[in-house]
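Accompanying notes for the structure given below.
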């Protein structure tokens with residue numbers, strides 16, 4: 001799990017302000033993770049399920065990776081779960097998750113090279129709409 005010791009206090013405060021350290025409620029997290037392993041993992045197995053669930057159950061999963069997974073599968077989860085959990089639409093959540101993952105990435109939050117590769121691969125799946133000029137491809 002990454003350490004915040006390498007970051008400046010103002011960087012940590014900025015990450016907190018963006019919401020990087022505030023995860024969605026547990027039911028939404030579980031639905032997103034279930035959707036990832038049901039819909040995405042079989043096509044692009046970039047994560048080791050056993051390692052993922054072991055780290056997740058211990059609360060040791062990297063936030064950068066977790067936000068990337070959430071972003072990747074937001075459109076596969078029922079809209080009602082987002083409404084219940086304070087997000088108006090899955091696309092709004094997806095944009096927020098991408099922004100949080102990108103902010104953590106830009107802050108050099110994670111040092112593990114494998115986690116960084118997994119994260120960048122997942123973040124590459126972000127697509128908001130045809131008018132998105134500032135997404136991951138730019």
Within region 50-83, residues farther than 26 Å from residue 95 by Cβ, in a helix (DSSP H, G or I) and under 16 Å from the mean Cα position of the chain (by Cα) come out as 53
Filtering region 65-85 for residues that are exposed (fewer than 15 other Cβ atoms within 10 Å of the Cβ) and either at pLDDT 90 or above or under 10 Å from residue 31 (Cα atoms) (or both) leaves a count of 1
Filtering region 8-24 for residues that are more than 14 Å from the chain's Cα centre (by Cα) and exposed (fewer than 14 other Cβ atoms within 10 Å of the Cβ) leaves a count of 6
Residue hits (region 25-47; in contact (Cβ under 8 Å) with a residue 60 or more places away in the chain and more than 24 Å from residue 112 (Cα to Cα)) are 25
Quick count over region 87-113, residues being free of Cβ contacts under 8 Å to residues at least 12 places away in the same chain and more than 21 Å from residue 65 (Cβ to Cβ), is 3
Of the residues in region 86-116, those that are surrounded by fewer than 18 Cβ atoms within 10 Å (Cβ to Cβ), part of a helix (DSSP H, G or I) and over 13 Å from the mean Cα position of the chain (by Cα) number 5
Note to self: Given the condition on the phi > 0 side of the Ramachandran plot and either free of Cβ contacts under 8 Å to residues at least 12 places away in the same chain or surrounded by fewer than 20 Cβ atoms within 10 Å (Cβ to Cβ) (or both), answer yes or no: does some residue in region 56-64 qualify?
What the structure shows: yes
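The values are calculated or read from the model by the stated rules, or taken from the named source; none is laboratory data. These figures come from a predicted structure and were not determined experimentally. FYI the Cβ positions are ideal-geometry reconstructions off the backbone, even for glycines, and counts take in every protein chain you see.
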